[in-house]
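As structure tokens, the structure follows; a few thoughts come after it.
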Number of protein chains: 2
Amino acid sequence: MAETNVEWLTPKEMATRCGISPETLRYYEQEGLLNVVARNAGNQRRYDADDVAWVEVLRCLRVTALPIRELKRFAELVRQGNDGLAGRIDLLKAHRREVLAQRRALDGALKMIAHKIDVYAQQLDSVPPVDTHGMNTTPTLRGQGVRRAL
Amino acid sequence: MAETNVEWLTPKEMATRCGISPETLRYYEQEGLLNVVARNAGNQRRYDADDVAWVEVLRCLRVTALPIRELKRFAELVRQGNDGLAGRIDLLKAHRREVLAQRRALDGALKMIAHKIDVYAQQLDSVPPVDTHGMNTTPTLRGQGVRRAL
DNA sequence: GCTTGACCCGAAGTGCACTCCAGGTTGTCT
DNA sequence: AGACAACCTGGAGTGCACTTCGGGTCAAGC
């Protein structure tokens, strides 16, 4: 295993390159996400540059929480060639909407986290009265069946 | 169930308010994420504004993929009051790093998705030669044991 | 040619985060 | 008072995405 700049990659090399374990790569293949990976004379997998490119696409979609089921659908649409083109565009556009929503959620959470860190940091160097941060430490009976307006 | 502006919320109302099912809320409570929720005389849960605030924090952390295990740790640190303050800051700072990494991944993926959509759209109104997008449709034998350099 | 590590396969197992179920109680409405 | 929804509990079940296992094959260095 001296050469690295070659025409194909072994499963292990592929795993390192793509950041996906060989087992997962086999799993993806068996789920029909990869379509026919080439083999050598001894039946061992040989991944090529196209495989790498495709797996990178899959990884992008996976890390943005596209379920395997959808990846399958996408792979199927690719297999259909031009017939699947419109479907692929639809799928990607729908997913993009999802990802944009995720990013909004992330940004909201980041704001909240930053705020909490600030508040905590201030408390840390002023050793203030205890802040329970919304967690009840002293449960009380509330609501005996009749509602009291605020 | 005419009143809505009251001092407490039933499980169902709480679920609607927080976007988390009553079952999940019970599950969180039982996992020690919520600490002692108040009950009415008939043993039914009554969530108050503090509960809402805290669950919103939990939800922020969960949607950014903080595992339940960490939420538990965080809740425990809150329970410890000032003794847990430093730990809470550490936890949130570590998580913030994670979330920032997530956002970078998201942005990378968005770029890729946008690019693919462009490429596909162009193909769509030019009906070009088939693009397999890195998926092998015609497997070939490669590598009989001897490596060929590129 | 023998060892050692990488690889093959199908099948079973794992961890996470819920989600549902059965059987019983409570609350509200008419 | 009767009907009906919402609630309670402990425990079992689900879906997802891997991950591990067992038993065998392959390949590269000494």
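Given B:62, B:45, B:73, which one is near DNA strand C (Cβ under 9 Å from one of its atoms) and among the charged types (D, E, K, R)?
On the way: B:45 fails: near DNA strand C (Cβ under 9 Å from one of its atoms); B:73 fails: near DNA strand C (Cβ under 9 Å from one of its atoms).
Answer to the check: B:62.
Spot the failing condition for residue B:75; the list is (1) farther than 21 Å from residue A:100 by Cα; (2) open to solvent by 30 Å² or more (accessible area, probe 1.4 Å), and only one is missed.
That leaves (2) as the condition not met.
Filter the range B:17-58 down to the residues that are outside any helix (DSSP H, G or I), polar (S, T, N, Q) and modelled with pLDDT of 95 or more and list them by number.
In the first step, residues of the range B:17-58 are kept if they are outside any helix (DSSP H, G or I); the result is B:19-21, B:31-48.
Still in the running and polar (S, T, N, Q): B:21, B:35, B:40, B:43-44.
B:21, B:40, B:43, B:44, listed by residue number.
Considering the range B:43-58 alone, what residues qualify as being crowded, with 19+ Cβ neighbours inside 10 Å and in contact with a Cys (Cβ under 7 Å, 6 or more places away or on another chain)?
If the condition is that a residue be crowded, with 19+ Cβ neighbours inside 10 Å and in contact with a Cys (Cβ under 7 Å, 6 or more places away or on another chain), then B:55 is the only one that fits.
So how many residues does the range B:92-113 have that are of a type in the set (A, V, I, L, M), at the interface with chain A (Cβ under 7 Å from one of its Cβ atoms), in contact with a Leu (Cβ under 9 Å, 6 or more places away or on another chain) and open to solvent by 30 Å² or more (accessible area, probe 1.4 Å)?
Residues meeting the conditions: 1.
In this structure, is residue B:89 facing chain A (nearest Cβ under 10 Å) and closer than 30 Å to residue A:90 by Cα?
Values: facing chain A (nearest Cβ under 10 Å): yes; closer than 30 Å to residue A:90 by Cα: no.
Here the answer is no, as residue B:89 does not meet what is asked.
So how many residues does the range B:16-42 have that are surrounded by fewer than 15 Cβ atoms within 10 Å (Cβ to Cβ), within 12 Å of DNA strand C (Cβ to nearest atom) and within 7 Å of chain A (Cβ to nearest Cβ)?
1
Just to be sure before I move on: is residue A:96 closer than 26 Å to residue B:104 by Cβ, within 15 Å of DNA strand C (Cβ to nearest atom) and of a type in the set (Lys, Arg) in the structure I sent?
no
The values are calculated or read from the model by the stated rules, or taken from the named source; none is laboratory data. From a predicted model like this one, the values you see are computed outputs, not experimental measurements. Note that each Cβ is placed from the backbone with ideal geometry, even for glycine, and that neighbours are counted across all protein chains shown. Remember, those area values only see protein heavy atoms, side chains included, never the ligands or the DNA or RNA. Shrake-Rupley method; radii C 1.70, N 1.55, O 1.52, S 1.80 Å.
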